[in-house]
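First up is the structure itself, then whatever we jot down about it.
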Amino acid sequence: MSKSTVTRLVLLAYIMCLTLGGSEDSVVDIYTELKELKYLVGELSSRLNTAEAAVTVQRALVEDLKKEYKERPKVAFSASLLSSESKQHGPINAETKLVFGKVLTNIGNAYNSTTGLFTAPVRGVYYFRFSGNGYAGHDMGLSIFKGDQRMMSVYEYHSSGESNDNASNGVTLQLDQGEVVYMKLWINSWVFLDGRYDYCSFSGFLLFPM
C-alpha cells in the first residue's frame, strides 16, 4: 500500500468522521490502524516472497533427483548353468571357472554368458547370489571371485544318506569400474546340471553407484 493511498484513505476517513459528527481523535485512530495494516501487509508480502523462493529451490531439487534417478545405471542379471540334458559337471582335478550360459535376465548387459564374467560398468556396491546342487556321493564346492580374490564359498560334503545336496550364499561387494566377478567349481567336486529346473544359478545387481 503506497503512501498516497494511505493519505487518501485518511482524508476520506476524516471527512466521514466530520460528516457523521466524529472527532479528530477518531481520524487519528483510523490513521494509526491503517499504518499498522500497512506494516502487516508488508510482513505478509515478505513471508510470501520467502515461501515462493523456498518452493523454487524445492522444485529445482526434485528435478535434480529425477534427472539423477533417470541417468543412474540399471544393472541386474540372473543366469543358470546351461545343459540340454540332466548330468553332472565334474569332478575335475583343478578348480574351474563356471560359465552360466542360460541367461534369464541381463539388464545393462554387464554379464557375459560366453565367458561367465560379470564386469562392473560403474564404480559402486553390488550384491551377488549363487546356488549349487549335486547328487550324493561326491563333494560340491563353489566360490565367488572378485578378480583373483576368493570372496565367499559354499560346501556340501557327500552323504550316502541323501539323494541331493544343495547350497547357496550371497555377498555384497564394492567394485571399481571394470572389475570382474565370477564363479568357480572346487577341485575334485561336482554340480548337477539340468535343462529344466535351473538348480545352479548366479545372480547380481547394482545396489548403488559411488
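Side notes on the structure shown:
- Selection status of residue 93, within 35 Å of the chain's Cα centre (by Cα) and either over 23 Å from residue 176 (Cβ atoms) or not in a loop (DSSP other than H, G, I, E, B) (or both): no
- Check on residue 197, on the phi < 0 side of the Ramachandran plot and without any contact (Cβ under 8 Å) to a residue 12 or more places away in the chain: yes
- In segment 144-197, residue modelled with the lowest pLDDT [restricted to those that are among the small types (Gly, Ala, Ser) and part of a strand (DSSP E or B)]: 167
- Segment 89-111 - residue that is among the aliphatic types (A, V, I, L, M) and in contact (Cβ under 8 Å) with a residue 24 or more places away in the chain and, of those, nearest to residue 135 (Cα to Cα): 92
- Extreme residue, modelled with the highest pLDDT, among residues of segment 70-108 that are closer than 21 Å to residue 206 by Cα, surrounded by 16 or more Cβ atoms within 10 Å (Cβ to Cβ) and of a type in the set (Ser, Thr, Tyr): 78
- Being at pLDDT below 70 and surrounded by 10 or more Cβ atoms within 10 Å (Cβ to Cβ) holds for only one residue in 4, 26, and it is 26.
The values are calculated or read from the model by the stated rules, or taken from the named source; none is laboratory data. Worth saying up front: this structure is predicted, and the values here are computed from it rather than measured. Quick reminder, even Gly has a Cβ in these numbers, built from the backbone with ideal geometry, and neighbours come from all protein chains shown.
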